[in-house]
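Student: Here's a structure for you.
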Amino acid sequence: MHDGIALEAAGRPTAVIITNEFLHEAEVQRDALGMHELAPVVIDHPLSTLTDREIDGRAQQAAGQCVAVWLRRPASDTAGR
């Protein structure tokens, strides 16, 4: 989260990817650091025990959300890309 905030503050659109298990903690940290508008990219938990195929699925979950963040659009605008 700290790196994402630093990059955003430097004017670089940044996709901070987290799992849904850590969403609350990420939001608390983001707000405490004063970057309320930084919307994290949220994927399913866990990651560490997944097969390569399951990790590919998580990457697919993140892809559209990341593009939306980088282009500063709602995630629904980039669904399926």
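Derivation of every value follows stated rules applied to the coordinates shown; laboratory data play no part. Source: prediction; values computed, not measured. Because the Cβ atoms are built from the backbone with ideal geometry, glycine has one as well, and the counts that use them run over all protein chains shown.
Student: Calculate for the chain the 222 nm mean residue ellipticity that helices alone would give, adding -39,500 (n - 2.57) per DSSP H run of length 4 or more and normalising by residue count, nearest 500 deg cm²/dmol.
Tutor: -15000 deg cm²/dmol
Student: Nearest 20 debye, what's the magnitude of the dipole of the chain about its Cα centre given +1 on Lys and Arg Cβ and -1 on Asp and Glu Cβ?
Tutor: With Lys and Arg at +1 and Asp and Glu at -1, about 340 debye.
Student: Same structure, new question: Excluding Leu50 itself, calculate the net charge of residues whose Cβ lies under 12 Å from the Cβ of Leu50, where each Lys or Arg counts +1 and each Asp or Glu counts -1.
Tutor: Local charge sum for Leu50: -2.
Student: What distance in nm separates the simple spin-label points at His45 and Leu71, each placed 7 Å from Cα in the Cβ direction?
Tutor: In this crude spin-label approximation the distance works out to 3.1 nm.
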